[in-house]
Amino acid sequence: MSFEWIVKIVADYGPMFIRGAGITLLISIIGTIIGSIIGLLIGVIRTIPLPERGAKRITLQVINALLSAYIEFFRGTPMIVQAMVIYYGSALAFGVDMNRLVAAIFIVSINTGAYMSEIVRGGIISIDKGQFEAAHAIGMNHFQTMTNVVIPQVIRNILPATGNEFIINIKDTSVLNVISVSELFFQTKSVAGNNFRYFESFFVACIIYFIMTYTVTRILRYFEKRLDGPDDYILLGNQMQLERPEDKLRKKQN
């Protein structure tokens, strides 16, 4: 590896790397947000209690079957294959000429939605059943229970998994070069094709990917700590109360 070549590549092709990194972050951010919303909706729908009988039970069973098929298909096939089928397949089968960037966001969103739906469902199931029973006892329906009681807790519980999915999306956007999306991997291939210094070019891309994922990880850790609240909460009288400053000082002196 030549350090001089790395410096030269960064100096000559820096705008291409920056443009590619920007497209990668754009696809990842929008795809993760939309995918999380899809996963949240599916997770809530799949946890609706089935009535004992009637048309509503049949309707929910059909919806759950369709959602299960969606989840199993997109979790059971590689994103690179999904990209080929959705972008090129839709053009050949239906004559749909999709914008490459729009297609990339769509692919990442529905792929993320399949994974996030199971993460959300697991988060909902992890909530103590007593909270559901208490909410129903005061007259809340399933939607009100989810909105006011369950979802706020689920969002905190699944935040690490959501961050992990975001990081995966940053790396997995590289497969979208098969539909000629000009993300970071595609731009790096173009740079390497121009100077024939593949190792140095992809080494620069490797560093950029690491910077992006590390930065995202640090930001998510910050939000996790903010959601956790102060460290000096104490349990007193069945209520979470903030420890008084004089009590905290007394503990330190002792």
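The values are calculated or read from the model by the stated rules, or taken from the named source; none is laboratory data. Remember, predicted model here, so these are calculated numbers, not experimental data. Glycine gets a Cβ as well: all are built from the backbone with ideal geometry, and neighbour counts include every protein chain shown. Each accessible area value is taken on the protein alone, full model and side chains, heavy atoms only, with ligands, DNA and RNA left out. Shrake-Rupley method; radii C 1.70, N 1.55, O 1.52, S 1.80 Å.
Quick rundown of the values:
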quantity	calculated
Residue identified as assigned to a helix (DSSP H, G or I) and either open to solvent by 40 Å² or more (accessible area, probe 1.4 Å) or among the basic types (Lys, Arg) (or both) among ILE124, ILE63	ILE63
From the options GLY20, GLY39, GLY14, residue that is in contact with a Leu (Cβ under 9 Å, 6 or more places away or on another chain), of a type in the set (Gly, Ala, Ser) and under 30 Å from ILE211 (Cα atoms)	GLY20
Only one of GLN144, GLN82, GLN153 that is within 20 Å of the chain's Cα centre (by Cα), in a helix (DSSP H, G or I) and over 30 Å from PHE186 (Cα atoms)	GLN153
Index of the failed condition, HIS136 passing every other in (1) in contact with a His (Cβ under 9 Å, 6 or more places away or on another chain); (2) not in a helix (DSSP H, G or I)	(2)
Residue list for the range 75-85, filter: open to solvent by 30 Å² or more (accessible area, probe 1.4 Å) and in contact (Cβ under 8 Å) with a residue 12 or more places away in the chain	ARG75, PRO78, ILE80, MET84
Hits in the range 176-227 - residues which are acidic (Asp, Glu) and either open to solvent by 40 Å² or more (accessible area, probe 1.4 Å) or assigned to a helix (DSSP H, G or I) (or both)	GLU200, GLU224
Every residue from the range 21-60 that is outside any helix (DSSP H, G or I) and among the polar types (S, T, N, Q)	THR47
Selection from the range 46-60 of residues that are open to solvent by less than 60 Å² (accessible area, probe 1.4 Å) and under 23 Å from ASN157 (Cα atoms)	THR47, ILE48
